[in-house]
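For reference, the structure I am asking about is given below.
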Amino acid sequence: MAKSKSTFEKDFERLEEIALMLESGDITLEEALKLFEEGVTLSKRLIETLNQAELKVNELRKDLNGIIKKTKLESNSEQEQ
């Protein structure tokens, strides 16, 4: 069975769609404002996801023995699934 796209990937694709629609100029001002607002919300969510990933990577790199250990972030994400 094919793996479904993550929320991050879906959000990123939607943000790309919004950018293309805004760049086209073929929408009304009202539509553009709604799309812009949606884009800002998606951007914030994507940035937060990337920040969390960076924190996780930094935590993994802190292990001086070269052994990758589970971090608090990884444990939390496993519990959410």
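The values are calculated or read from the model by the stated rules, or taken from the named source; none is laboratory data. Fair warning: this is a prediction, and the values are worked out from it, not measured in the lab. Glycine gets a Cβ as well: all are built from the backbone with ideal geometry, and neighbour counts include every protein chain shown.
Return yes or no: is residue 70 basic (Lys, Arg) and modelled with pLDDT of 95 or more?
no
Within the set of pairs 6+ apart or on separate chains, which have a first residue in region 47-62 that is free of Cβ contacts under 8 Å to residues at least 60 places away in the same chain, a second that is surrounded by 12 or more Cβ atoms within 10 Å (Cβ to Cβ) and part of a helix (DSSP H, G or I), and C-beta atoms under 6 Å apart?
49/8; 56/73
Now for a separate question. Quickly run through region 6-35 and pick out the residues that are within 19 Å of residue 49 (Cα to Cα) and either in contact (Cβ under 8 Å) with a residue 40 or more places away in the chain or exposed (fewer than 13 other Cβ atoms within 10 Å of the Cβ) (or both).
6, 7, 8, 9, 10, 13, 16
Okay, moving on. Among 80, 38, 48, which is the only one that is exposed (fewer than 12 other Cβ atoms within 10 Å of the Cβ), at pLDDT 65 or above, under 21 Å from residue 7 (Cα atoms) and out of contact with any Ser or Thr (no Cβ under 7 Å at 6 or more places or on another chain)?
Result: 48 is the single residue among 80, 38, 48 that is exposed (fewer than 12 other Cβ atoms within 10 Å of the Cβ), at pLDDT 65 or above, under 21 Å from residue 7 (Cα atoms) and out of contact with any Ser or Thr (no Cβ under 7 Å at 6 or more places or on another chain).
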